1. Tell me which strands (runs of 3 or more DSSP E) are completely within region B:21-109 and hold 2 or more residues being without any contact (Cβ under 8 Å) to a residue 60 or more places away in the chain and under 20 Å from residue A:33 (Cα atoms), or say none if there are none.
2. Give me the residue from region A:33-61 that is on the phi > 0 side of the Ramachandran plot and surrounded by fewer than 18 Cβ atoms within 10 Å (Cβ to Cβ) and, out of that set, modelled with the highest pLDDT.
3. Where in region A:10-63 are there strands (runs of 3 or more DSSP E), lying wholly inside it, with at least 3 residues that are more than 14 Å from every other protein chain (Cβ to nearest Cβ)?
4. Of the residues A:94, A:11, A:25, which single one is farther than 22 Å from residue B:37 by Cβ and surrounded by 14 or more Cβ atoms within 10 Å (Cβ to Cβ)?
5. State all residues of region B:28-50 that are exposed (fewer than 12 other Cβ atoms within 10 Å of the Cβ) and not hydrophobic (A, V, I, L, M, F, W, C); if no residue qualifies, say none.
6. Checking residue B:44 against (1) at pLDDT below 90; (2) within 14 Å of chain A (Cβ to nearest Cβ), which single condition isn't satisfied?
7. Return the pairs, sorted by first residue and then second, in which the second residue is not in a strand (DSSP E or B), the first residue lies in region A:1-13 and is β-branched (Val, Ile, Thr), the beta carbons are less than 7 Å apart, and the residues are 6+ apart or on different chains.
8. Can you tell me how many residues in region A:38-78 are under 17 Å from residue A:108 (Cα atoms) and of a type in the set (Asp, Glu)?
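The values are calculated or read from the model by the stated rules, or taken from the named source; none is laboratory data. Source: prediction; values computed, not measured. In this analysis, Cβ positions are derived from the backbone assuming ideal geometry, glycine residues included, and neighbour counts consider all displayed protein chains.
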Amino acid sequence: NAGVTQTPKFQVLKTGQSMTLQCAQDMNHNSMYWYRQDPGMGLRLIYYSASEGTTDKGEVPNGYNVSRLNKREFSLRLESAAPSQTSVYFCASQNRQMYTEAFFGQGTRLTVV
Amino acid sequence: QKEVEQDPGPLSVPEGAIVSLNCTYSNSAFQYFMWYRQYSRKGPELLMYTYSSGNKEDGRFTAQVDKSSKYISLFIRDSQPSDSATYLCAMSPDDKIIFGKGTRLHILP
């Protein structure tokens with residue numbers, strides 16, 4: 001029972017470097033989400049994808065891009081990392097037609113120095 | 001004004017007490033309400049969800065939604081030290097899920 005799998009679990013980047021956070025789900029869910037979590041800020045939505053081939057901006061999309069590669073995979077890319085992007089990133093997936101819960105991955109702890 | 005407001009705490013209560021956690025919201029389009037629990041260094045896990053106004057009970061947990069006041073609550077009865085965690089309310093209009101900031105709860109043995 002893998003559920004939602006995020007890679008990597010930890011990453012340290014230098015300012016200006018790029019990287020892609022990977023997320024895959026095996027529950028055949030149509031909706032997928034990327035959130036960042038900072039102390040005292042809760043979970044803030046970066047981007048979401050309601051179905052394969054569609055993506056939409058959330059509350060804090062600046063500095064990020066996403067790709068919904070197929071129904072299983074939803075990646076988040078930082079083109080030029082900044083210290084303000086130091087955070088814990090969570091991917092989630094949900095079967096919206098059934099209004100079921102959103103399942104979360106275990107998170108990626110990213111530090112930009 | 002943020003769409004979802006939640007007091008971040010921390011909230012400390014003695015073991016066995018009844019805990020009340022609350023959120024307010026501003027968007028009347030929200031129709032689906034959830035409570036998640038998050039332990040340190042873990043992803044959030046769903047505790048309860050509901051679509052409508054009223055109460056929903058699951059063991060020691062009761063979720064309450066008042067759409068007329070745009071107010072939701074989570075009650076924990078007979079609180080245990082293992083309930084110590086961050087509790088996040090979440091709401092959904094249709095196509096995305098918006099979270100509150102989370103309330104850190106400490107249950108004192």
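1. Once the strands (runs of 3 or more DSSP E) in region B:21-109 are filtered for at least 2 residues that are without any contact (Cβ under 8 Å) to a residue 60 or more places away in the chain and under 20 Å from residue A:33 (Cα atoms), what remains is B:32-38, B:45-50.
2. A:53
3. A:10-13, A:19-25
4. The conditions single out A:11.
5. Selection gives B:28, B:40, B:41.
6. (1)
7. Within 7 Å, the pairs are A:4/A:105; A:5/A:105; A:12/A:113.
8. Qualifying residue count for the region: 2.
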